[in-house]
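> One structure follows; several queries about it will come next.
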Amino acid sequence: MPIVKPVPFAPDGKLAVNHAAPDESPAEKLRSVHWPDIEASLDAQGCAVVSGMLTAAECRALAARYDTESLYRSRVIMSRHGFGQGEYKYFAYPLPQPIAALRSALYPHLAPIANRWNEAMGIAVRYPKTHTAFIERCHEAGQQRPTPLILRYGPGDYNCLHQDLYGEHVFPLQVAILLSQPGTDFTGGEFVLTEQRPRMQSRPEVVPLQQGDAVIFAVSHRPVQGTRGPYRVNLRHGVSRVRSGERHTVGIIFHDAL
């Protein structure tokens, strides 16, 4: 299956990271992120926050297009599947901007971390340098359906703890970007990560986010350094109950689905 090119999302859909110049490409703007700090946080906690991944205007534009059905391949009502309450939609190919640009630009920064993690855990899989090459691997294995998605929660909605695994080929890191402003658009609805270590109780992590912030986190497992060397821990993520208002989030998953 050929790799399709992204289509423009909106006239104001320009990527911005840490107030970088608006005419820079996504790859150039992501270079302004201090990646050693991101890597250290991922190693220590299994997650890391990048502030201002999208501007407020970009966030509003994405959320406003939630009901534009031509952008999506499917809609999921969480309560029908025991996933929680609320709903989400998977984007169709070609992915809109800035989703496509972010997916391609983020991957090269994360692939070395993913390879180092797999080596530490004794996993033989290694990831190529470019996202195009990795997607070709997915498509050759029959994983051809795009996985980036947008989620919408209302009062009382939540997302059960889960892992986004869609086939044999799984990239071990993913990204969620909060499109709504806490305290203004909604209350509650915190991003939650849990980590289960062998013979220990699960460790929770609540990640505070503002509109436009991104959290990078482990999809299903990561290495932790023990007294006898690294060992593997399992992680799940979810969203706590929204108490009022409406919350939108974009999820960028790097592997495609069967």
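The values are calculated or read from the model by the stated rules, or taken from the named source; none is laboratory data. Please read all numbers here as calculations on a predicted model, not as lab measurements. Cβ atoms come from the backbone with ideal geometry, glycine included; neighbour counts cover every protein chain shown. Surface areas here come from the heavy atoms of the whole protein model, side chains and all, with no ligands, DNA or RNA. Shrake-Rupley method; radii C 1.70, N 1.55, O 1.52, S 1.80 Å.
> Net charge within 13 Å of residue 86 by Cβ-Cβ distance, Lys/Arg positive one each and Asp/Glu negative one each, not counting residue 86 itself?
Working: positive: 75, 80, 89, 152, 241, 247; negative: 87, 157, 246.
Residues near residue 86 contribute +3 overall.
> In deg cm²/dmol, rounded to 500, what helix-only [θ] at 222 nm does the chain give when every DSSP H run of at least 4 residues adds -39500 (n - 2.57) and the total is split over its residues? Mind showing how you got there, number by number?
Working: 5 runs with 57 residues, N = 258.
Result for the chain: -7000 deg cm²/dmol, rounded to the nearest 500.
> Mind pulling the per residue volume of the convex hull built on the Cα atoms of the range 55-140? Å³ is fine. Please report the intermediate quantities before stating the final value.
On the way: hull volume 14.1 nm³, N = 86.
In the range 55-140, the Cα convex hull volume per residue is 165 Å³.
> Going by average Cβ neighbours within 10 Å, how do the peptides 52-63, 188-199 rank, with the highest at the top?
52-63, 188-199
> Would you kindly find the accessible area of residue 106, with a 1.4 Å probe and non-protein molecules such as ligands, DNA and RNA excluded, rounding to the nearest 10 Å²?
Using a 1.4 Å probe on the heavy atoms, I get roughly 0 Å².
> Let me ask something else about it. What shape does the chain take by its C-alpha gyration tensor, where a ≥ b ≥ c are the square roots of the eigenvalues and a/c under 1.5 counts as rounded, a/b above b/c as prolate, and the rest as oblate? Walk me through the numbers before you get to the answer.
Numbers: a/c = 1.35, a/b = 1.15, b/c = 1.17.
In terms of gyration-tensor shape, rounded.
> Taking a ≥ b ≥ c as the square roots of the Cα gyration tensor eigenvalues, with a/c under 1.5 meaning rounded and otherwise prolate when a/b beats b/c, else oblate, which class fits the range 132-255?
Working: a/c = 2.32, a/b = 1.22, b/c = 1.90.
Here the range 132-255 falls in the oblate category.
> What is the dipole size for the chain, taken about its Cα centre, with +1 at each Lys and Arg Cβ and -1 at each Asp and Glu Cβ, in debye to the nearest 20?
Values: 27 positive and 24 negative charges, 125 e Å.
Magnitude of the dipole: close to 600 debye.
> In square angstrom, what is the accessible area per residue of the chain with a 1.4 angstrom probe? Mind showing how you got there, number by number?
Values: 11890 Å² over 258 residues.
About 46 Å² of surface per residue is accessible.
> Can I ask one more? What's log10 of I(q)/I(0) for the range 208-258 at q = 0.19 Å⁻¹, Debye sum over Cα points only, no solvent?
With no solvent term, the Cα-only Debye profile gives -0.90.
> I want to check the label-to-label distance for residue 168 and residue 70. Put each point 7 Å from Cα in the C-beta direction and report it in nm to one decimal.
Here the answer is 3.7 nm between the modelled labels.
> Which percentage, to the nearest 5, of the DSSP beta bridges contained in the chain is antiparallel?
Values: 53 of 55 bridges.
Restricted to the chain, the bridges split so that about 95 percent are antiparallel.
> Limiting things to C-alpha atoms, what are the Rg and the maximum Cα-Cα separation (Dmax) for the range 169-237, in angstroms?
14.6, 48
> Same structure again: Roll a 1.4 Å probe over the protein heavy atoms and report the accessible area of residue 43 in Å², nearest 10.
60
> Which net charge results for the neighbourhood of residue 236, defined as the other residues with beta-carbon distances under 15 angstrom from its beta-carbon, given Lys and Arg at +1 and Asp and Glu at -1? Provide the component values of the computation, followed by the final result.
Values: positive: 197, 203, 222, 232; negative: 164, 190, 195, 205.
Around residue 236, the surrounding residues sum to 0.
> Please list 240, 180, 32 in order of solvent-accessible area, largest first, computed with a 1.4 Å probe with all protein chains present. Walk me through the numbers before you get to the answer.
Values: 240 35, 180 5, 32 65 Å².
Result, largest first: 32, 240, 180.
> Then there is this: How would 66, 90, 158 line up by accessible area, probe 1.4 Å, largest first? Kindly include the intermediate steps, with their values, before the conclusion.
On the way: 66 0, 90 20, 158 80 Å².
Largest to smallest exposure gives the sequence 158, 90, 66.
> Another question, then. If you bin every alpha carbon distance in the range 88-185 into 5 Å steps from zero, what whole percent lands in each bin?
2, 10, 18, 23, 19, 13, 9, 5, 2, 0
> Using protein chains only and a probe of 1.4 angstrom, how many square angstrom of residue 35 are accessible, to the nearest 10?
It works out to around 40 Å².
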